[in-house]
């Protein structure tokens, strides 16, 4: 145990309680794993050592890259900017179609870890000319202890924004701590009803995900919702309506809602989502009152663009993650009819 504790990526966790008898309860995500001595929780990044809970991935960075914010996707959040994007290992879900399974299914190995200090990350962001910091690729919740320090340092040094690309299954305690230290953008990937989580994602309570979306909005965090439409899983009308109705109820009509195309990956090989299904989802959402629905993973489709919900004027034309034309005024209004367009931050494209 002592040799493990000397590794810089092994630190005592912040979100847990001692239960007695050497057992601890993790309070970082909504699995709230109860962990006995020498064991790890579901995510495999939290371990009970001597009756204390430790994170094994403090600053253990598995991937790092400067990336456009639109690729997350964030369409109403610092458009045209780039964020230094990073990740660690493993996940608190177990989705059969995971696109980043080489990261999310990997068990952390502290003795082989590549440690990045918060200072090094912030320095890299400035070196790369990035406007923001973004935890992504695999579930960022697992990096939270380290990110609390990194986001705080970044904001203090002039980083414009800090965001998570998340499955949304963290506790409200963790969410509040993140917001307090700089988190101001949250993209949440909603898989579907509880049956989808149970059968295909290792189990989770969908209401906890929507609750976090609501809480984030109430805190003033910029929120965008993504629903990956998987062929034969959540592509039926009932599932689409469930997403749309919960979106309107939880985060309101002006919060962007992205319907993205699934492609076979990892252990799931159903055919790619039909474009017609994505278009149907978009149309249903628009008719129900969602002001800013989008289609994703379908580069060149007209529903990648942002349209004024009042007059229909194209405001932001995109091709994938690239902005081709930006027509929103500096006061964040439609130039045609004056409707206010909800965009967080400024357009920093050329």
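The values are calculated or read from the model by the stated rules, or taken from the named source; none is laboratory data. No experiment lies behind these values; they were computed from the predicted model shown. Glycine gets a Cβ as well: all are built from the backbone with ideal geometry, and neighbour counts include every protein chain shown.
Here are some notes:
- Selection status of residue 279, farther than 21 Å from residue 343 by Cα, free of Cβ contacts under 8 Å to residues at least 60 places away in the same chain and surrounded by fewer than 20 Cβ atoms within 10 Å (Cβ to Cβ): yes
- Residue list for segment 232-264, filter: crowded, with 20+ Cβ neighbours inside 10 Å and either closer than 16 Å to residue 287 by Cβ or without any contact (Cβ under 8 Å) to a residue 24 or more places away in the chain (or both): 240, 243, 244, 247, 257, 259
- Condition check for residue 80: on the phi > 0 side of the Ramachandran plot, in the same structural domain as residue 135 (by TED's automatic domain parsing) and surrounded by fewer than 23 Cβ atoms within 10 Å (Cβ to Cβ): yes
- Residue check, residue 46 surrounded by 15 or more Cβ atoms within 10 Å (Cβ to Cβ) and farther than 30 Å from residue 321 by Cα: yes
- Leading residue by the ranking (surrounded by the fewest Cβ atoms within 10 Å (Cβ to Cβ)) among those in segment 194-221 that are in contact with a helix residue (DSSP H, G or I) (Cβ under 7 Å, 6 or more places away or on another chain) and closer than 14 Å to residue 252 by Cβ: 214
- Filtered residue count, segment 1-56, keeping only those that are out of contact with any strand residue (DSSP E or B) (no Cβ under 9 Å at 6 or more places or on another chain) and under 21 Å from residue 138 (Cβ atoms): 2
- Some residue of segment 7-19 being surrounded by fewer than 20 Cβ atoms within 10 Å (Cβ to Cβ), touching a helix residue (DSSP H, G or I) at 6+ places or on another chain (Cβ under 8 Å), outside the structural domain of residue 109 (by TED's automatic domain parsing) and assigned to a strand (DSSP E or B): yes
- Residue check, residue 162 farther than 17 Å from residue 58 by Cβ, crowded, with 19+ Cβ neighbours inside 10 Å and within 13 Å of the chain's Cα centre (by Cα): yes
- So residue 167, is it within 26 Å of residue 245 (Cα to Cα) and without any contact (Cβ under 8 Å) to a residue 40 or more places away in the chain: no
- Residue list for segment 101-128, filter: surrounded by fewer than 18 Cβ atoms within 10 Å (Cβ to Cβ), closer than 26 Å to residue 154 by Cβ and without any contact (Cβ under 8 Å) to a residue 40 or more places away in the chain: 119, 120, 123, 126, 127
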